[in-house]
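Below: one structure, written as structure tokens.
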Amino acid sequence: MRYSATKRGHDPDQWGIIGLIHDLDWEMYPEQHCSKTEEILREAGWPEDYIHAVLSHAWGMFTEIEPQHEMEKVLYTIDELTGLVSSTALVRPSKSILDMKVKSVKKKWNEKSFAAGVDRSVIEKGAAMLGLEVSDVIEDTIMGMRPVAAELGLAGSPESTANDEGQV
């Protein structure tokens, strides 16, 4: 989210916070996803636009709140996509996103049994809302995840992600 905000000329801190809290209730209340987050955020006095953004990421799945703002459309699109990108990285020999290309994700995209829980139609709908090709959204997602690859467990090992010149 921070990468996309910066690329699009928006506040990376705001977008990053929305990305951080959007699944606040998922582990404890999966059946009440988003409704519990809305309750928690309202009780804590969060701004309405933050609450709307969080609710809109689950449009058509858990809420009827359609993404309107560019930030909401990005979150809606990449929420599913980050799972596919992460899964793709983990099955690569390097186990890393640092050397991964769009074509690797696109290859796995077509394997419907791979990361079967990822709703590819949501990603396609989100990309269309943003006026982008799916490949462009995949590229942005990879690039956005690279700076935090280690924290995500997607950095692999230095030896496995080095190119022929020993550079990552």
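Nothing in this text is a laboratory measurement; each read-out follows from the coordinates by a stated rule. No experiment lies behind these values; they were computed from the predicted model shown. All Cβ positions, glycine included, derive from the backbone under ideal geometry; neighbour counts span all protein chains shown.
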Report task. List the aspartates and glutamates whose Cα lies under 17 Å from the Cα of LYS95, skipping any in the same chain that are fewer than 8 positions away. Result -> GLU151, GLU159
Report summary line: Which of (1) 16.8, 48; (2) 16.5, 54; (3) 21.5, 64 gives Rg and Dmax of the Cα atoms in Å as computed here? It is (2)
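Which entries in the list LYS7/LYS36; LYS36/LYS107; LYS73/LYS101; LYS7/LYS103; LYS7/LYS108 go over 28 Å, if you measure between the two C-alpha atoms of each?
Working: LYS7/LYS36 31 Å; LYS36/LYS107 36 Å; LYS73/LYS101 23 Å; LYS7/LYS103 22 Å; LYS7/LYS108 26 Å.
Violating the 28 Å Cα-Cα cut-off are LYS7/LYS36; LYS36/LYS107.
Would you compute, from DSSP H runs of 4+ residues alone, the mean residue ellipticity of the chain at 222 nm, taking -39500 (n - 2.57) per run and dividing by the full residue count, rounded to the nearest 500?
Dividing the helical sum by the residues of the chain leaves -16500 deg cm²/dmol.
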Report task. Report the label-to-label distance for SER121 and HIS69 in nanometres (one decimal), using points 7 Å from each Cα along the Cα→Cβ vector. Result -> 2.9 nm
Query raised in the report: If you rank GLU48, GLU133 by fewest surrounding Cβ atoms within 10 Å, what's the result?
Result: GLU48, GLU133
Requested in this report: State, as an integer percentage, the relative contact order of the chain based on alpha-carbon contacts under 8 Å between residues 6 or more apart.
Outcome: 21 percent
Report summary line: Listed by chain and number, the aspartates and glutamates with an alpha carbon less than 16 angstrom from that of LYS112, same-chain partners under 8 positions apart left out, are GLU80, GLU124
